[in-house]
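What follows draws every value from the coordinates through simple rules; no lab data is involved. Values in this document were obtained by computation on a predicted structure and should not be read as measured data. For neighbour counting, all protein chains shown are included, and Cβ atoms are generated from backbone atoms with ideal geometry for every residue, glycine included.
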Amino acid sequence: MSSTHVRAVVAGETYGLPIEHVTEVAELGEVTPLPGAPSVIMGVRNLRGSVVPVASLAVLLGLSGDHSPQRLIVTEDDGRRLALAVEDVTDVTDIDAEPEPSESPLLHGAVLVDGVLIGLLDIRALMSAASPRGR
Amino acid sequence: MNDIDPQLLQIFREETSERLDRIVDLVLATEAGTAPADSVDALFRDAHSIKGNAGMVGFPAAATIAGAMEDILEDAREHGALPPGLTTALLSATDAIRRSIQGDDGDPAATVAELRAAAGTEPAPAPNGPRAPGAGSPAAIPEPPPPDLEPPDTDPEPPHPEPPHPEPPGQPSPAAVAELTAAAPPSSSSLSGASPTSVRVGTAKIDRLLDVVGETVLHRRRLDHLLRRGNEDEERLEEELGSGDILLADLQDSVIQMRTLPLSSIIGPFPRAVRDMAAETGKQAKLEMHGTETQLDRVILDGVSETIVHVLRNAVSHGIETPEQRAAAGKAPEGTVELRAEPRGGLVAITVSDDGRGVSTEIQERGRRAGSLVEVLAEPGFSTAGRVSDLSGRGVGLDAVKRHVESLGGGMEIASEPGRGTAVTLLLPLTLALMELLLVERGGQPFGLPLPSVVEAFAIDTVTTLGGRPSIDLRGSTVALIDLAEAIGAAGEELAPRSPAVVVSAAGQRMAVVCDRLLGDQEAVVKTLGPLLADLPGYLGAAILGDGRVALILEPSFLVRRRAAVAAARAREEASHVSRVLVVDDQFTVRELQRRILEGAGYEVLTAANGVEALEVITREPELELVVTDIEMPEMDGLTLLQHIRGEPDTDTLPVVIVSSRAGEEDRRRGAEAGADAYVVKAEFDQRALLETVGRLIERR
């Protein structure tokens, strides 16, 4: 089973985002802080006239490595939009290998491609993790 | 049951729902005596069409009920009038059809039997169903309550020469209803909220948009042409750019227009709600509607219909008295509920008023103390507070109503006069798409406050802080103060002295919000923060400024609510101590008044009714920091109490404030000689003066 992923680097690690959930890749730009939002939400960004929440992928995944996001991967799932801040977007790649199961609830699994371990992100789970619980 | 094209099914449901709405309107109009002459024909046609369509699409139960309606209406058509007494049966038949077409496979037999019994074509079934006469009133009201002045419809002709009804107050003609309901399906009781994202737009509005778009295309060509000719014709170019601005404004306006609908598009269920509630509670009530042509954002209309129904039902069940009570009070047996929509500032005010009993004086008084009636009646759980709800007769779910309108950036007001009635006003923004904002800056970040909620702005001067609650004096009245950054949990440097503050009015309260800088006001297109952040409280959305920056739009009622939370948190933080004060007075009301004032300012207050009790408290509570006492008291008066306090080494420095009705120089002198630290005359009593005195004395300690 082959699937196409956008590969991104976060805190020194490599992750894949299923391309059907990726609507665009943009520069980080100016992110307006959103007080009161969950800590993973860095704020909101004006993306050609629409306001999109921006989350730090490193914080979402609980990565401790150094990270200074430069780019945004805008994802969509069931009408919800979330821009994920990452260090770099490397390429778009087909992944053929069957992913190994992962312990993280935010990952579909992990695959080894050319000696690099890629975590395959579960966009829906990421969005739920980034959304605030009601009052 | 139906292997039918879902799209066709959707069309069937919408169409049937519209026909049912029309039937309900006409049946109610017939009962009120305002139906047009050909109403029976129209009813018959709708029932007939529903029967045919339902049979075809595969809803046999709906077809059976509609068929029974058709039979009855056919008879009525032959007689030229709808027999009285059919209203309830026809209305419940429409409900049964609605349920059926949404997939409820209930047996139609009971509904059909009820219809036939009401029409007199079949013996009455055993009294069942929710509308059986209430057990509490054996002299049950005839159902439906006959209109007061008009005799029952014995005359086949309309009784009064007013069929053209030149002034239909909120009772649209069938044609208008068809047009309006076509624009937005208001089907209140149906479950068809399936596709909130699609809207129907009148062709006139689309044509207008098309015109503007066409003109914009021409504008672009003209610009192109001018640019190609080089810049020798700068004036023409400027002119063309100017017309481009106008076109853009037109475009914006016509898109906004598409988002708005008249209030009349959702009033369908209202007469029914009033009627049903009156029938349920044994009352007589009529609904009058005014200003239903007022335009509102359809997103607002969508949600507000149910809210208004709620308020209308409240007005009947808790406001309007029974006919007997009304007669005893010298009122007409039939109560009037009025719904009035009108613009107020940048908002639309929708007021539901009744001529019923009003809220009790006790509740009025509580409202006055709390700042507004809304505070008391819309307090969560108010209505369930047993005793109180009977007295007040209001408040059922008003907290939900209030929360709903506030989440839309609106507000709620309540006015009531005992014996005269109650008016509940929902203040709603005209549109959610555009908003007048006051832009402010805090911590380098711009924020928007809805202009209709802004009272004024000024530079703060002297801030008084008591118990962790800062406030300022604004022309004699005390206004609570909050740092914008603290209110929403944002980052922000220490505020500079004389920072600007914006007085915001929301949820019946005023509050001054302090920021770094005012950026001015602006009309902005409101963007949502998106579904992912839908549960994040405090924001109405965001606006994109001219320089591309994003300004978060703050919900004023959230700021007001936050203030209490922030103050409480800070008080806990500084809980090193809350100053404890003793109030001594033999009059309960005076004691309570002073206790309230001092507690409101953050003090912990103990009370005593005379000097003896006061001394007991002072001995028991070594932490006491101040005493406020009256002079004239039984058992032991204030001056004697003062002498005791000064005579004990443990308490000889305890500050004592005398509050007395004795205003003479001699009295003041005696107070001072006995060792009072301050003397306040009751006649000149002023809560600010008391708080200042108490604050000053405690700080000095």
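Each peptide in A:48-54, B:557-563 gets a packing score, the mean of other Cβ atoms within 10 Å over its residues, and the list from highest to lowest is B:557-563, A:48-54. Label-to-label distance, A:E20 versus B:A332, with points set 7 angstrom from Cα along the beta-carbon direction: 6.5 nm.
Annotation: the residues B:F458, B:F270, sorted from fewest to most other C-beta atoms within 10 Å of their own C-beta, follow the order B:F458, B:F270. For region B:453-539, the convex hull spanned by the alpha carbon atoms encloses 139 Å³ per residue.
Scalar couplings 3J(HN,Hα) for region B:255-262, obtained by applying the Karplus form with A = 6.51, B = -1.76, C = 1.60 to θ = phi - 60°, are 6, 4, 3, 5, 7, 9, 9, x Hz; x denotes Gly and Pro. Once backbone amide H atoms are built at 1.01 Å from N, B:L540 has B:I553, B:L554, B:E555 as its partners under 5 Å, excluding neighbours fewer than 5 places away on the same chain.
The fewest-to-most ranking of B:S264, B:S499, B:S305 by surrounding Cβ atoms within 10 Å reads B:S499, B:S305, B:S264. Put the Cα centre of region B:316-362 next to the Cα centre of region A:31-45 and the gap is 46 Å.
Once you order the gyration tensor axes a ≥ b ≥ c over the Cα atoms, which shape class does region B:487-622 get: rounded for a/c under 1.5, otherwise prolate or oblate by comparing a/b with b/c? Prolate is the answer for region B:487-622, as a/c is 1.5 or above and a/b outweighs b/c. Inter-chain neighbour count for A:27-34: the average number of beta-carbon atoms from partner chains within 10 Å of each residue's beta-carbon is 4. Peptide packing for B:348-359, B:598-609 was compared via the average number of neighbouring C-beta atoms within 10 Å per residue; ordered from the highest value, the list is B:348-359, B:598-609.
In the structure shown, do any of B:K51/B:K283; B:K283/B:K402; B:K205/B:K527 have a Cα-Cα gap over 32 Å, and if so which? From the list (B:K51/B:K283; B:K283/B:K402; B:K205/B:K527), the Cα-Cα distance tops 32 Å for B:K51/B:K283.
Taking the Cα centre of region A:1-91 as reference, the dipole from Cβ charges on Lys and Arg (+1) and Asp and Glu (-1) amounts to some 240 debye. Annotation note: GluC sites (Glu not before Pro) in region A:74-103 located in DSSP loop regions with a Cβ neighbour count of at most 12 within 10 Å are A:E103. Using a Cα-Cα cut-off of under 14 Å, which aspartates and glutamates could be cross-linked to B:K331, ignoring same-chain neighbours fewer than 8 residues away? Within reach: B:D148, B:E321, B:D354, B:D355. The Cα-based radius of gyration and maximum Cα-Cα distance (Dmax) for region A:1-104 are 13.9, 43 Å.
Near the amide H of B:A507, within less than 5 Å, lie the amide hydrogens of B:M412, all on another chain or at least 5 residues away, with H placed in the peptide plane. Among A:H108, B:H225, the ranking by other beta carbons within 10 Å of each residue's beta carbon, starting with the fewest, stands as B:H225, A:H108. What's log10 of I(q)/I(0) for region B:591-664 at q = 0.11, 0.13, 0.18, 0.23 Å⁻¹, Debye sum over Cα points only, no solvent? For the requested q values the scattering log ratios are -0.26, -0.36, -0.71, -1.14.
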